1. Hey, does the range C:113-123 have a residue that's aliphatic (A, V, I, L, M), crowded, with 19+ Cβ neighbours inside 10 Å, within 14 Å of another protein chain (Cβ to nearest Cβ) and closer than 22 Å to D:Asn282 by Cβ?
2. Pick out the one residue from D:Arg107, D:Arg48, D:Arg31, D:Arg80 that is within 27 Å of A:Asp27 (Cα to Cα), basic (Lys, Arg) and either in contact with a helix residue (DSSP H, G or I) (Cβ under 6 Å, 6 or more places away or on another chain) or open to solvent by 20 Å² or more (accessible area, probe 1.4 Å) (or both).
3. So which helices (runs of 4 or more DSSP H) are wholly in the range B:152-260 and hold at least 1 residues that are more than 19 Å from the chain's Cα centre (by Cα), surrounded by fewer than 19 Cβ atoms within 10 Å (Cβ to Cβ) and hydroxyl-bearing (Ser, Thr, Tyr)?
4. Kindly indicate whether D:Ala131 is farther than 25 Å from B:Ala193 by Cβ, open to solvent by less than 10 Å² (accessible area, probe 1.4 Å) and within 11 Å of another protein chain (Cβ to nearest Cβ).
5. Within the range D:204-220, does at least one residue satisfy the condition of being closer than 29 Å to A:Cys95 by Cβ and small (Gly, Ala, Ser)?
6. Can you find a residue that is free of Cβ contacts under 8 Å to residues at least 40 places away in the same chain, touching a Ser or Thr at 6+ places or on another chain (Cβ under 8 Å), closer than 23 Å to D:Leu322 by Cα and not assigned by TED's automatic domain parsing to the domain that holds D:Val180 anywhere in the range D:63-78?
7. Those residues that are small (Gly, Ala, Ser) and touching a residue at least 40 places away in the same chain (Cβ under 8 Å), I need them from the range C:274-311; list them, please.
8. If the requirement is being within 13 Å of another protein chain (Cβ to nearest Cβ) and either in contact with a Ser or Thr (Cβ under 7 Å, 6 or more places away or on another chain) or modelled with pLDDT of 95 or more (or both), which of these qualifies: D:Val239, D:Val265, D:Val202, D:Val228?
Number of protein chains: 4
Amino acid sequence: MQAVTFQAPGEVRVQEKPDPEPAAAGDAVVRVTAAGVCGSDLHILHGRHPVEEGFTIGHEFTGEVVAVADGVTRVKPGDRVTGSFVTACGNCFFCARGEFHHCVDQRIFGHGKISGDLQGAQADRVLVPNADMTLRPVPDGLDDDVALFAGDVMNTGVFAVRSAQVAPGDSVAILGMGPVGLCAVQAARHAGARTVLAVDAVEDRLEMARTFGAIPVHLTEQDPRAEVKRHTEGRGTDVGIEAVGTPAALDLAIRLTRRAGRLAVIGVHGKPCEVHMGLLWNKSLTVTTGLSNVLAHFDDVLALLAAGELDPSPLVQRHLPLSQAQEAYAAYDRREALKIVLTPGG
Amino acid sequence: MQAVTFQAPGEVRVQEKPDPEPAAAGDAVVRVTAAGVCGSDLHILHGRHPVEEGFTIGHEFTGEVVAVADGVTRVKPGDRVTGSFVTACGNCFFCARGEFHHCVDQRIFGHGKISGDLQGAQADRVLVPNADMTLRPVPDGLDDDVALFAGDVMNTGVFAVRSAQVAPGDSVAILGMGPVGLCAVQAARHAGARTVLAVDAVEDRLEMARTFGAIPVHLTEQDPRAEVKRHTEGRGTDVGIEAVGTPAALDLAIRLTRRAGRLAVIGVHGKPCEVHMGLLWNKSLTVTTGLSNVLAHFDDVLALLAAGELDPSPLVQRHLPLSQAQEAYAAYDRREALKIVLTPGG
Amino acid sequence: MQAVTFQAPGEVRVQEKPDPEPAAAGDAVVRVTAAGVCGSDLHILHGRHPVEEGFTIGHEFTGEVVAVADGVTRVKPGDRVTGSFVTACGNCFFCARGEFHHCVDQRIFGHGKISGDLQGAQADRVLVPNADMTLRPVPDGLDDDVALFAGDVMNTGVFAVRSAQVAPGDSVAILGMGPVGLCAVQAARHAGARTVLAVDAVEDRLEMARTFGAIPVHLTEQDPRAEVKRHTEGRGTDVGIEAVGTPAALDLAIRLTRRAGRLAVIGVHGKPCEVHMGLLWNKSLTVTTGLSNVLAHFDDVLALLAAGELDPSPLVQRHLPLSQAQEAYAAYDRREALKIVLTPGG
Amino acid sequence: MQAVTFQAPGEVRVQEKPDPEPAAAGDAVVRVTAAGVCGSDLHILHGRHPVEEGFTIGHEFTGEVVAVADGVTRVKPGDRVTGSFVTACGNCFFCARGEFHHCVDQRIFGHGKISGDLQGAQADRVLVPNADMTLRPVPDGLDDDVALFAGDVMNTGVFAVRSAQVAPGDSVAILGMGPVGLCAVQAARHAGARTVLAVDAVEDRLEMARTFGAIPVHLTEQDPRAEVKRHTEGRGTDVGIEAVGTPAALDLAIRLTRRAGRLAVIGVHGKPCEVHMGLLWNKSLTVTTGLSNVLAHFDDVLALLAAGELDPSPLVQRHLPLSQAQEAYAAYDRREALKIVLTPGG
């Protein structure tokens, strides 16, 4: 089969590999029909996340089950399915508490040995461990490339909104209109947020946020603090969502959120940085952090996509055959699209 | 009457002042029978919190109502009462949400013009605004100097435990065995925490924590991270409570708390500092911050003190007449007692 | 002034009364510009809720403040305001817990001596106790007759949805498409419910539910249990809302809700009745009951009405001058409108 | 091996059966060292719960793993373990939401074909499906007959307390001092309940409740409503727990619980009955119902037993060899002990 592999920083390649087979109880093999290219794939491309040479990458996928091992009961060959980008055992201390995102046996597709040594999904076929948890049947009528948002990007947007306990009537400031931030706009509006302020510096993204029901706020051409005050009787928003992952974005998010408010930090932070603890403390903010608990929300997000209540399809701005993965990565690296979907077997 | 006043950094004095009278609707005047000296009074003593020369200080008190203005319905002259260190209006955006600690008309006793210009309680008498909210009758049999923990120090310990959602069976690491940390030990045990690890570098305080049901961990003579791992199957505690207010304590608290755990930061932070956001984010911690929401928990804490279920009386290690306030401040500044109670009219 | 008064079962009358004046601290007098006729007014009309002869009735109102007593700080003469149908003291055991609907000093407008002896709002002017809590300024641009839903009918719909913890993606069955049930449809959809099934036997009401985003289910011409199963993969809905108040409706609500689901009973129950405890227990339902906690949600509901996110205006199917109150009651009793608004001074 | 089997209403017998072997992936076989006799076993004895002739009964057990099938990773032969009385798949709609007690593949040990056709644990050996979820290693130092409370009776007591959201300082009325009610007393006290009123008509049980920290209230020789009022300033308790399962107990529980309080119904209800919906509704009670969600609390309860924070050992009032099971059932039926433990291999 064909698979997109990491070669060296800056270089991915499409190469031939043997088809995977079910190896352990619970495994399934999926013939991929759509595979997304995601922002975290760029971290791999540029060598910021270490992956072995020749390792298959990619972690967003929709496809058809072609084989299952013993013990798989919820999906069967022929089923159209989509996958979570991350696996869990279902039985450990964390899984028993519903904290699947901290499973002690966590494995992430296409992220190298350091993340569980699980080959990725930008390939004709992908081996899926613990298929009963990792896969979900795709409801009829739901597009392949929308479905793959359920196990990663839209899931993260919904997770942010739930972590920050967005309630009907709330005001919400969202920093960063990348794919996750845009999905968070939809999720916040869907959860009943009355006023969603979308902050970014890219006009196209702000315009898309506007069509999703947000009030666009330009990071540099407008004064985000003044705009937020204007829409919240001077108080700041009930909720802040930081979807960038920089110290500056975190600092601004703290400033935009009202006293006693909630702040969800879904932008990826990997290092120490200066945080205005004095301001945070004076405001009594409650801060939630970290990766989406994908498996806890997988069913719900998929159902909302199927019902059309959440619709990330405008983010899919380009389709390319899997064989042109190099071009796809180059275009995505130039930010020419919010989401690029690769089509295997094309 | 006599009142303890701030004079200059390092200097307090007992001076004569006119007796206060009810001025506005809702006011009461309380004849003070016990007034605590608190760690935040030392910030005033040393000029770190700005207070005007001659301003009466002190914010923990028990006493007897001697006069009430119109509109006071819950207390009457003759009632034995204790006070919250902070007032709230009961009607603003924040009060309507139960976030009394961010009332737009918040006033703090004895903290100068900057904090609502409300004269303090280390005096023979204290003027109490919005008495129906600020005061509570003291149940029969409850000591004056235990009662005054309900509106400040024990309240903060309970607040930390509730903010961090300590549940029966949880493991909890508490950093800093000052008065608030010690109260948090009691509150955590009372809420059913199975394993409470108390971290400090002062032997006497660790010993008191032990008598309150904690496992003492010496900050420098033991390895707190190793001790926590040993008691939590290597995971870290479900909950961390940081009751110090330094970057180092915060950093250690982040390290002691398990993945997907909760961290309550009740130590006072006033400035920006470096925070290991990468570690915090990787662990998906939920962090709560800020001052206790005293009025939300006032009834509960007072009832638990009256029932003897929480008992901070071992912290009261010295009583002095109000006239010897200078000596009391000097002793407290030398950390000779966890709590000193001043007795007016002595 | 003119006021609508109860005379005898089946008889209301418009009569002259002296204008009210502020009597106690906290009082305000409001010149009424719109007063709703509500289902519970019919209970009074028919003598099922006892009210004294000559007592002014009505409890939904919008108007203009014309006088305030001492201690009123949040509204002033000239303000356009709407009222809660019920008052609270803000200070008792229940108010301190945010359970304003069980205030020990609760008074309901226009419900006679038994409910706090507070004259009603279907009059040129109404005396409002504790005005700072009972009244809210009406945002500019919000119609009088929409605003009066904030303190009663829409508030109850939102309360049902919040009590039952409707979350984005949930399925919800609502029994009874009277004004409260229809408002619950809007509130459930606004809270992100994916599938809302509206059950009633009146075609017009089902049609209105459909325009609010529900799937209409005819109580007798369709099989509600089969319809619910069909839309929920055979499981029943995550949430049931019973907005009728009869044993039969409660029984059906139990049957329509899935195992481990939540059931909000907002239909008024006043007597013992047979309940299938075995079924309820086997399903592990969580059941919430009782009157809306109006004051806890007043600000939020008003803001959502002002933003147009909730819009009960289609329910207002008739306006009549206050002087024609008798005709209004007769028409409402014949169910000729979902909401009738009386206009004083006409 | 020897096994206790149902024969006919009123008759159980110890009979020889072949030793079980692991049959499916995930199975384990446990050599039983202690098996409890439970109140629900009496329902089987008397034919109220239908079980086939010759079916092995019993569902509370501690023992040693002697064999495991493929796919079992959390326990291994030689491990000392205790079991949940009920199994779950871990993967269905309900399990994914943490509602393990409504798993679509639920099986109950020793309850016949109707409850999943799973032979019981009052035997030398028991076959355990999905062993990774159903079994837990028993911490060193924890007695066999205390450990078996983790998967059933104490679990249910803790579940009641958690369902009713008992918080530190709460008052709680518990109706029925059978084994579950007594465990609920311990769990409520452990969760910080200040006042626990234990209602029953059996002196010995009331006395045991007293030693567990409750205030005993005799159902007929005292006036439970007056006693509750006396301890709650006339309001009723914050929480009611009904652990009887009769209409009369439910009615009393509704009356003892304060307005806006929470009521957990853990007494088993199997039929329709009259409920005072008017009173329930007027009080705005929140009612939770149903079987314990054992698997959600299994780890926590076991840890609390191991730490000695919960200690049901006083309930174990008799031990008998498995071969004397008939005598054990007769004695239990005569209520001669709160818990009888059978010892196989004796």
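The values are calculated or read from the model by the stated rules, or taken from the named source; none is laboratory data. Because the structure is a prediction, the values reported are computed rather than measured. We place every Cβ from the backbone using ideal geometry, glycine too, and count neighbours over all the protein chains shown. Ligands, DNA and RNA are stripped out before the accessible areas are found, and what is left, the full protein with its side chains, is counted by its heavy atoms. Shrake-Rupley method; radii C 1.70, N 1.55, O 1.52, S 1.80 Å.
1. No, because not a single residue in the range C:113-123 is aliphatic (A, V, I, L, M), crowded, with 19+ Cβ neighbours inside 10 Å, within 14 Å of another protein chain (Cβ to nearest Cβ) and closer than 22 Å to D:Asn282 by Cβ.
2. D:Arg107
3. B:203-211
4. yes
5. no
6. Yes, some residue in the range D:63-78 is free of Cβ contacts under 8 Å to residues at least 40 places away in the same chain, touching a Ser or Thr at 6+ places or on another chain (Cβ under 8 Å), closer than 23 Å to D:Leu322 by Cα and not assigned by TED's automatic domain parsing to the domain that holds D:Val180.
7. C:Gly290, C:Ser292, C:Ala296, C:Ala303, C:Ala306
8. Testing whether each residue is within 13 Å of another protein chain (Cβ to nearest Cβ) and either in contact with a Ser or Thr (Cβ under 7 Å, 6 or more places away or on another chain) or modelled with pLDDT of 95 or more (or both) leaves just D:Val265.
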